[in-house]
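Every read-out reported here was derived from the displayed coordinates using simple, explicitly stated rules and does not represent laboratory data. A quick note: this is a predicted structure, and the numbers were derived from the prediction, not measured. Cβ placement follows ideal geometry from the backbone for every residue including glycine, while neighbour counts extend to all protein chains displayed.
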Amino acid sequence: MTLVGTTPQNTTPPPRLPVRERSTARETRGGLSPMLTRLASERATGVLERERGALYLAEGRVVHAESPLAPGLDVLLLTHGTLDGVTWQQALDRADAEHGALRLLLDADRIPRGALELCHLAALYDAAYFALAPSSTPGRFRYGAGHPLGGLRPVPVGALERETLRRRELLDRLWPDPLADGAPLVRAEAFAAPAPTARQRAVLALVDGVRTASDIARELGRQAFHTLVDVRRLAAAGLLTALFPPPPPPCMPTGAQPAAGTPGAPGVPGGTDGFGTAGAPPTANPPPAASLPRVNDPDITLLKRLRDALEAL
């Protein structure tokens, strides 16, 4: 008797399971913003306003971006002395629909073209990183709207989205917790932590429990994304952490607490004042649970049912 399929030459290996790349797994159909992709294909001109920023388009390409979470181009130019404030303000005052402030600066030879283009692209990609963040509200596009700064070197939408995804993945590799990106930062004591670099020491010097990463970037005149890189590395080293806000007070059901000044209100005679009996501190030996009055609270009953259901799993 001959057994079929027992020899190696008759054995067919099972097909390999499909594997998605990490970068493509994160992309939604149509890119990070389906509306932005559609506007690019239409070669639209205007401004796309999103929850955390705005993107200005000219014939379907991004010419400017801004976000309240990223320092503007003026911060990058003025903080380090690349341009003086008087010249910058004069360019803004003279700008119109045909001649943006950036073009006026170049025509007046106030700044080298290479330096201005480099700072403009840095500010554009920096603000676009936040503007393209996941949003809980739909975007809105206004056709024909422009920015007083104008544009120098337009950026294709595809290139902008790829760079945004690359930056997200870089931050996740450094430290996967994004809480430190937007919360106030506090310093922490770490044992055997690596010595911070000069850039990181400048960031740590401004950590005071109030400033966020965006606040620190603005004060240092740096790009917000580069500051996030330093913040995540410092968080991974244990040198700083995000400040958790205190939990909000529990919501009391309507009518559960008497109004102030009435019997039964906290601090008023006849009220419980948070203790077991009216105005008296808790006793050393509280009565057993069986002697306590039964509280028919539907919320407590629901929680008990949920607990019993979870314990039964």
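Annotations for the structure displayed:
- Across the alpha-carbon atoms of segment 56-139, the computed radius of gyration and Dmax are 13.9, 44 angstrom.
- Expressed as a whole percent, the proportion of Cα-Cα pairs in segment 103-177 lying more than 21 Å apart is 43%.
- Considering every alpha-carbon pair of segment 140-189, the percent of pairs per 10 Å bin, from zero through the bin containing the longest distance, is 17, 28, 29, 21, 4, 0.
- Surface/4 estimate of mean projected area, convex hull on alpha-carbon atoms of segment 175-242, nm²: 3.9
- Stokes-Einstein diffusion of segment 32-172 at 25 °C, 0.890 mPa s viscosity, Kirkwood radius from Cα pairs, rounded to a whole number: 159 µm²/s.
- Extreme residue, positive dipole direction of segment 32-172, given options Ala159, Ala123, Gly144 (C-beta unit charges): Ala159
- Cβ-based exposure ranking for Thr137, Thr197, Thr212, Thr227, in which fewest neighbours within 10 Å come first: Thr137, Thr197, Thr212, Thr227
- Ranked for footprinting exposure by Cβ neighbours inside 10 Å, fewest first, His226, His120 give His226, His120.
- In a fully extended conformation the segment linking Arg201 and Leu170 would gain 9.1 nm over its present Cα-Cα distance, using 0.36 nm per residue.
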